[in-house]
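Nothing in this text is a laboratory measurement; each read-out follows from the coordinates by a stated rule. In this text the structure is predicted, and so the values were computed from the model without any measurement. When we count neighbours, we look across all protein chains shown, and the Cβ atoms used for this are built from the backbone with ideal geometry, even at glycine.
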Amino acid sequence: MKTSTLFRSLALVPLMALSVPAAMAADQTAQQSARARYEQDRAVCNSGRSNQDRKTCMQEANAALAAAQGGRLPAPDPSLARNATKRCAALPVEDRKDCEARMRGQGTTSGSAADGGIYRELVTRTVGPVENAASAVMPDDSAPK
């Protein structure tokens, strides 16, 4: 009996060895994500767009980074993103796509809750139809010859 238990245990060693790199890669991705979020938080603190004083904002950013690195930061609530895009549903169809893009963070954001509101702006440039070069330059028949 001891021999079969030993063989079963030894058979698990390669499987465990294969799972270590995957776990390390996932941890590295989580660390990079936490660091990127920290950099975003710092930028908000330094720009004054936070609804807190700079010192408190930086303390919160540092605490969130430490919590994320220790695996103690909860995952973002997906209902918040759904709620943000749900607001766009009341808009006309032609405006809805741009609204949803702003809610996903595209464009620029200014203001804060403390200032009375957050202003999100996304500039979308569209190009009209291009004129045919031959029709764009018409000879002037009234000019003297």
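Fully extending the segment from A114 to K55 would add 19.6 nm, taking 0.36 nm per residue of separation and subtracting the current Cα-Cα distance.
Spin-label model, A64 to L91: label points 7 Å out along the Cα-to-beta-carbon direction sit 2.4 nm apart.
Count charges around M103 for me, please; just the other residues with Cβ under 13 Å from its Cβ, Lys/Arg as +1, Asp/Glu as -1. Display every interim value, and only then the final one.
Numbers: positive: R82, K86, R87, R96, K97, R102, R104, R120; negative: D95, D98, E100, E121.
Once positives and negatives cancel, what remains is +4.
On the beta carbon distance between R125 and A75, with R0 = 41 Å, the FRET formula returns roughly 0.70. Note on A36 and N83: the extension gain reaches 14.5 nm, defined as 0.36 nm multiplied by sequence separation minus the Cα-Cα distance. Each residue of the range 47-53 was assigned a 3J(HN,Hα) from its phi angle through the Karplus expression (A = 6.51, B = -1.76, C = 1.60, θ = phi - 60°), giving 7, x, 7, 7, 8, 10, 5 Hz with x at Gly and Pro.
Stokes-Einstein diffusion coefficient for the range 77-125 at 20 °C in a medium of 1.002 mPa s, Rh from the Kirkwood formula over Cα pairs: what value in µm²/s?
Numbers: Rh = 11.6 Å.
Here the translational diffusion coefficient equals 185 µm²/s.
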